[in-house]
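Read through the structure below, which is laid out as structure tokens, and then see the notes.
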Amino acid sequence: MPKKTKKEIVRSPKGMHDMLVGDIRYLERITDTAKEISEFYGFLPIETPHLENAELFLRPLGEMSDVVEKQMYTFRTKGGDLLALRPEATAQIIRAYNEDGMSSWPHPVKLYYNGSFFRHENPQRGRFREFRQFGLESLGETDPVTDAIVIKILYLTLHELGFENIMMHVNSLGDKECRPYYKKELTNYYKKKFNYLCKDCKRRLKENPLRLLDCKEETCIELKTKAPQMIEHLCEGCKTHFKGVLEFLDEAQIPYMLDNYLVRGFDYYSRTVFEIFMENPEPTAPAKEKKDVNKENNNTNNNSASGDKSAPIAIALGGGGRYDELMALLGGKILPAVGGAFGLERIIFEMKRLGLSPKKIAQPRVFLIQIGPAAKKRSFRLMEEMHEEGIPCGESLSRDNLKAQLNIAAKIGARLALIIGQKEAMEGSIIIRNMDEGTQEVVMQNRLIEKIKAGLKK
Ligand code: HAM
């Protein structure tokens, strides 16, 4: 007889996880808060596809960026098209601006989104291959106040969720006027240190020396500390713009620090860039790790947004910046724009660690109990009436035992139990039991809603 092979249970792909109700209640609180604040500031919702033509991301993100080089999920369709699972949304929003005729909308066009993104990263705490972002993009405006509004909305969302000690790391990358000079300086500096650079950076130096400032290799991090800084090479226009952004952040009392080597992972940024960190990531974390924002990759493994309460170090909760040249990179006319996004799993993780509350869903205060086939049928109909009347009502229609159902009603803390037995089903009545007082009365169906409302008010 052929040997029976044991079938393995199929598991989710590495770095991708289900999100269950516990985490979803956190997710809902974050996105409800972010949406409310975004809409207050005039941002409108947009949904974009999970799949795009891969070329949408290649040039804008930078062919030398980690995301394009190593992390993008691409595949060829049967028709021969090269598609990519979206690694981020900003390039998509620019595509949508062109494709959906947003140039005729009042400017700035302000959009927000929320959804899954995909990067083939090494999964560890705060890094997944499928992760969720809430993001904002403001298109068509150069005024520094637009940069500050985006930062403010992200900050206010965290503040309203209960986060304290948020720190915005900010920098300016200059524009196409002044950045080439800075790049030259940077190249000269790194050329002298060439032998100490990691393999990737040796290669990156030719294409885009800014990428070296974003390298997570220990030796490259050390070399960075003495590298020239963009802030000293800003042209007058960029200097004035950056000063304007900082003044608005001061005005809104948003805590920020200048992070002179902050470059972000994509090539499309110019002028303002920012990342959002917590000041005191973890009281029990080793002191040396506390402020080292470059050590994101050294965390312990953890494949879910929940879990490890002794989470060690600061990881960026969000990031963004200005991308005035992105439209041109995609072949369009110049369109100044700025935006930013949160990593939702990272915020959920921190909310749990800090004991911040998720979205509260009120338990139904009425519970429907039925005994016998006729009562079950009547209850099946009655649930719809309760729904139409807007009275949240629990049920356990698949159970027949009175005691078991009463136990559930007590467990969820129901105030009133509606009991329908065979007799009540026949005569069209219902027993309303006050669970706290243990009293009960029989009412006819036509007075049921009125009686429930009065009972709940008591
Ligand atoms: P990003 O910095 O690549 O920027 O991502 C924004 C946030 O998403 C990060 O700060 C982090 O919280 C979260 N995130 C990124 N990768 C992962 C991952 N593998 N696992 C879990 N969370 C992750 C952008 O995506 C830009 N599109 C933001 C932007 C909008 N810039 C301008 N407008």
If you stretched the chain out fully between Ala362 and Thr77, how much longer would it get, using 0.36 nm times the residue separation minus the C-alpha to C-alpha distance?
98.0 nm
Please list 3J(HN,Hα) in residue order for the range 257-266, calculated via the Karplus relation 6.51 cos²θ - 1.76 cosθ + 1.60 where θ = phi - 60°; whole Hz, with x for glycine and proline.
9, 6, 10, 5, 10, 6, 10, 6, x, 10
How would you order 433-442, 371-380 from highest to lowest mean count of nearby Cβ atoms within 10 Å?
371-380, 433-442
Can you tell me which of 72-78, 94-100, 316-322 comes out highest on packing, and rank the rest after it, using the mean Cβ neighbours within 10 Å?
316-322, 94-100, 72-78
Phi-based couplings in Hz for the range 70-78 (Karplus 6.51, -1.76, 1.60; Gly and Pro marked x):
10, 10, 7, 7, 10, 7, 9, 6, 4
Suppose every Lys and Arg Cβ carries +1 and every Asp and Glu Cβ carries -1, with no other charges. What dipole size does the chain come out with about its Cα centre, to the nearest 20 debye?
1940
Give me the angle, in degrees from 0 to 90, between the Cα long axis of helix 21-40 and the longest principal axis of the Cα atoms of the chain, rounded to the nearest 10.
60
Which percent, to the nearest 5, of DSSP beta bridges fully inside the range 306-458 are antiparallel?
65
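Over the chain, with every protein chain in place, what whole percent of the accessible area is carbon and sulfur at 1.4 Å, could you tell me?
Of all accessible area on the chain, carbon and sulfur atoms account for 52 percent.
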Using only the alpha carbons of the range 361-426, what is the convex hull's orientation-averaged projected area in square nanometres?
4.2
Can you give the Kirkwood hydrodynamic radius of the chain from its Cα pairs, in Å with one decimal?
25.5
What does the accessible area per residue of the chain come to in Å², with a 1.4 Å probe and no ligands, DNA or RNA counted?
51
Could you give the nm distance between label points at Ile449 and Cys198, where each point is 7 Å from its Cα heading toward the beta carbon?
6.5
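List the relative contact order of the chain as a percent without decimals, with contacts defined as Cα pairs under 8 Å and 6+ residues apart.
16
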Stretch Lys206-Lys457 to full length: gain in nm at 0.36 nm per residue minus the Cα-Cα span?
83.1 nm
In whole Hz, the Karplus estimates of ³J(HN,Hα) for the range 151-167 (6.51, -1.76, 1.60; θ = phi - 60°; x where Gly or Pro) are 4, 5, 4, 5, 5, 4, 4, 5, 4, 5, 6, x, 6, 10, 6, 7, 10
Based on the Cβ-Cβ distance of Gln253 and Asn280, what FRET efficiency does E = 1/(1 + (r/R0)^6) give at R0 = 22 Å, to the nearest 0.05?
0.70
Ordering 109-117, 48-56 by per-residue average of other C-beta atoms within 10 angstrom, highest first, gives 109-117, 48-56
Relative contact order of the range 1-140, please, whole-number percent, based on alpha carbon pairs below 8 angstrom and at least 6 residues apart.
28
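The values are calculated or read from the model by the stated rules, or taken from the named source; none is laboratory data. Remember, predicted model here, so these are calculated numbers, not experimental data. Heads up, the Cβs are rebuilt from the backbone with ideal geometry, glycines too, and the neighbour counts pull from every protein chain shown. Keep in mind that these areas ignore ligands, DNA and RNA; they rest on the heavy atoms of the full protein, side chains included. Shrake-Rupley method; radii C 1.70, N 1.55, O 1.52, S 1.80 Å.
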